Amino acid sequence: MGKSSNGLAVVYWLIVGIPLAWGVYQTAQKSVPLFHVTDSAPSAAAATPPEK
Amino acid sequence: MSFLDREATVAPPDYNRWLVPPAALAIHMCIGQVYGFSVFKEPMSRLLGVTAPAAGDWKQSVELYWIFSAAIAILGLSAAFLGTWAERNGPRKVSFIAAFCFGGGFLVSAVGVHLHNIWLIYLGYGLLGGIGLGLGYIAPVSTLVKWFPDRPGLATGLAIMGFGGGAMVGSPLSVLLMNHFHTADNVGVQNTFVVMGILYFCFMMFGALIIRVPAPGWVPEGHDPTRQKQKIVTTADVSTADAMRAPQFYLLWLVLVCNTTAGIGILEQAAPMIQEMFPRHFPQLPGGAKIASAAAAAGFVGLISLFNLLGRFFWASSSDFVGRKNTVAIFLGINAVMFWLIPVAGAAGSVLLFVVLCAVILSIYGGGFSTSPAYLKDLFGTKNFGPIYGRLLTAWSTAGVVGPLIVNHIRLQKVGQHVTGVGVYADTMHLMAGLLVLAFVGNLFVRPVSAKSAPANPDSAAPQAA
C-alpha cells in the first residue's frame, strides 16, 4: 500500500468524519442545559415563581 | 460481470484495509437516522392543522407510534431472511439496494405526507426503509469482520458507532430542514423527506462504491488465525444451519434481547423519567421554568445518546483485549447493578448520580450491539457471518417492539394508580435488572462451538499474508 492509498484513506475518513463530528457537536451543545440543573441547588429551581 | 457483483469488489492483496471502515460508517450513519425519527412525530401530528393538531390529524401515540416500530421490525426480518442472499451477492450490490430502499422509503413517505395517507408512510419508511435498514446494517459489518479478523471488536465497534451517530446527524439535520421549509400553511415535513431521501441515497452510494471485500484466504500481515488467544474462538466456519442448531446462538440471542430491552427501558422514557423522578430540579410550573426543564431533559437525552455512541466503540474494541465472553459478563453485571441503583438515586434526590448511572447504562446498550457481531464471529467464523448475524438481529427487532410496550404499560399502570416520582419507574428498573441477570447467566453458559459443528476451514489452516 502506497502513500496514495493513505491519502485516499484520509479523504474517506474526512468525508464520514466531518458530518459525524457535526452531529456529536450538536448533541453535546444540546446537553449543556442539563449541567445547569445538576450544578444548581434544587431549591433555587423550585423557588421560581409561576408566571401568571 | 457487473461492477456490483461480489467478484468485482474483491480487493488486490496489498489493498489498504483502512479504506473500508469509512464505507461502513457512511452506510451506518445514514440508516442510523431511524433513531432520530422521533423529531418528525410532533410536526407530523399537525400536518393539517399546521400550528396545532386539527381533526383528522395523525396522533403521536396511535398512527405515528407504529412507524418506528415497523421499521425496526422489518430491519430484523429482512436481515434474517435476506442474510444468505446478501452474503452470496457481496456488499456492494446489497448496499446499492439498501440505498435505493432507504432513500426511496423517504420519497414514498413524502408522497404519503402530501396525500396525508398513513399507509404510504408505513410502506415507505416502515417497509422499504426497514429493508434498507436490514440490508444496510449487515452488509458493512459482515465485510469489516472479514477485513479485521485480528481486531473484530474494533471493526464492528467502528461501524456500529456510525449507526449510533446517525441519529445525532439525522435529528439536527431534520430540524434544520423543517425550519427551512416551514411556511404558514406547511410544516415542512414533505420537502424535508425529499431532501433527506436524496442526501441519504447519495451518501449510501458513496459507501457502496468504495466498499471492497478481501480475497479468499487473505489475512492481515502477522495474523495467524490458528493461534487465537481467546478460548471461545473457532478457527473454522460453521454453516448457517449448524449455527441455528447450536445453543451458543440462542444464548447470544438472549444476551442481545435482554440488554436491548433494558436499554430501551431508559431510552424510551428518558425525558419524562428525569422530570418525574426529580420534580424539585425539573419544576413543571407554567412559563420559563417549564421551558428550562424541558431543555434540560432534552439535554439529558442528548448526553445519554453520546454515551450510547461512545459505548459502541469502547466496549467492542476493548473486547479484543479482554475477551468477548469476559467483556459481555462485565458489562451485563455492571448494567444490572446500575439499574438496581436508579431508584436509589431517585430516592436520594441525586440528579448527578442518576445521570451517571444512565450514561453507563446507555454505553452498555450500545456496547451490546457492537460486541455481539464480534462475539458471533468468534463462535461461528466469518464465512457465513452475514446470514447468521441477520438472524441474530431478530433479537433487536423483538426488543425494539416488545420493550417499549412493556415499559409504557408499566408506566401507565403506575400513573393510573396515582403513584408519583421514583415509584413510577422503580418496578421497571428492577425488572430490567432481572433481565440482565438472566442474560449474565446465559452468557456464562456460552462454550466454544463443538468440532462436529465446525469443520476445518482451509483458509484458516493456510493463512496467506498480505
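Bear in mind these aren't lab numbers, they're just calculated from the coordinates by the rules spelled out. Not measured: the values here are computed from a predicted model. All Cβ positions, glycine included, derive from the backbone under ideal geometry; neighbour counts span all protein chains shown.
For this structure, a couple of remarks:
- Projected label distance in nm at B:Val10 and B:Ala294, using a 7 Å step from Cα toward the beta-carbon: 5.9 nm
- One Cα centroid belongs to segment B:76-115, the other to segment B:297-351; the line between them spans 31 Å.
- Eigen-decomposition of the gyration tensor built on the alpha-carbon atoms of chain B gives equivalent ellipsoid semi-axes of 38, 28, 17 angstrom, largest listed first.
- Long-range HN-HN contacts of B:Val219 with modeled amide H, under 5 Å: B:Gln464, B:Ala466
- For B:291-299, mean number of other protein chain Cβ atoms within 10 Å: 5
- Distant-in-sequence amide contacts of B:Val10, defined by a placed amide H-H separation under 5 Å and a gap of 5 or more residues or a different chain, comprise B:Val213.
- Listed from fewest to most Cβ neighbours within 10 Å, the set B:Cys358, B:Cys30 follows the order B:Cys358, B:Cys30.
- Whole-percent P(r), the protein assembly as shown, all Cα pairs, 20 Å bins from 0: 23, 55, 21, 1.
- Taken about its Cα centre, chain B carries a charge dipole of about 580 debye when Lys and Arg each add +1 at the Cβ and Asp and Glu each add -1 at the Cβ.
- Once you divide the Cα radius of gyration of segment B:68-196 by 2.2 N^0.38 Å, the number left is 1.17.
- Ordered by the count of other Cβ atoms within 10 Å of each Cβ, fewest first, B:Ser174, B:Ser450, B:Ser69 give B:Ser450, B:Ser69, B:Ser174.
- J(HN,Hα) series, segment B:194-205, from Karplus relation 6.51 cos²θ - 1.76 cosθ + 1.60, nearest Hz, glycine and proline x: 5, 5, 5, x, 5, 4, 5, 4, 5, 5, 5, 5
- Per residue, the Cα convex hull of segment B:292-437 amounts to 118 Å³.
- Taking amide H as placed 1.01 Å from N in the peptide plane, B:Gly381 has its amide H under 5 Å from the amide H of B:Thr234, B:Val238, each at least 5 places away in sequence or on another chain.
- Partner aspartates and glutamates for B:Lys41 [C-alpha distance under 16 Å; skip if fewer than 8 residues away on the same chain]: B:Asp57, B:Glu63, B:Glu268
- Reference-scaled alpha-carbon Rg (2.2 N^0.38 Å with N residues) for segment B:387-455: 1.62
- Two-site FRET efficiency, B:Trp119 against B:Val195, from Cβ-Cβ distance with R₀ of 25 Å, rounded to 0.05: 0.60
- Efficiency of FRET from Cβ geometry, B:His430 and B:Leu48, R₀ 45 Å, rounded to 0.05: 0.60
- In order along segment B:392-408, the phi-based Karplus estimate (6.51 cos²θ - 1.76 cosθ + 1.60, θ = phi - 60°) of 3J(HN,Hα) comes to 5, 5, 5, 5, 5, 4, 4, 5, x, 8, 6, x, x, 5, 5, 4, 5 Hz; Gly and Pro are listed as x.
- Its convex hull of Cα atoms gives segment B:145-245 a direction-averaged projected area, equal to a quarter of the hull surface, of 10.2 nm².
- Of B:Ile67, B:Val175, B:Ser78, farthest towards positive along the dipole that unit charges on Lys, Arg, Asp, Glu beta carbons give chain B: B:Ser78
- Computed from phi, the 3J(HN,Hα) profile of segment B:102-118 under the Karplus parametrisation 6.51, -1.76, 1.60 (θ = phi - 60°) reads 5, x, x, x, 5, 5, 4, 5, 4, 5, x, 5, 4, 8, 6, 10, 5 Hz, with x in place of Gly and Pro.
- Equivalent ellipsoid of segment B:1-150: semi-axes from √(5λ) of the C-alpha gyration tensor, largest first, are 36, 14, 12 Å.
- Spin-label model distance (nm) - B:Val356 vs B:Lys59, 7 Å beyond Cα toward Cβ: 4.2 nm
- Cα-Cα over 27 Å, subset of B:Lys325/B:Lys414; B:Lys93/B:Lys383; A:Lys30/B:Lys414; B:Lys93/B:Lys146: B:Lys325/B:Lys414; A:Lys30/B:Lys414
- Order of B:Trp218, B:Trp340, B:Trp85, B:Trp315 under a 10 Å beta carbon neighbour criterion, fewest first: B:Trp85, B:Trp340, B:Trp218, B:Trp315
- The ellipsoid that matches the Cα gyration tensor of segment B:49-111 has semi-axes, each √(5λ) in whole angstrom, of 33, 14, 6, with the longest given first.
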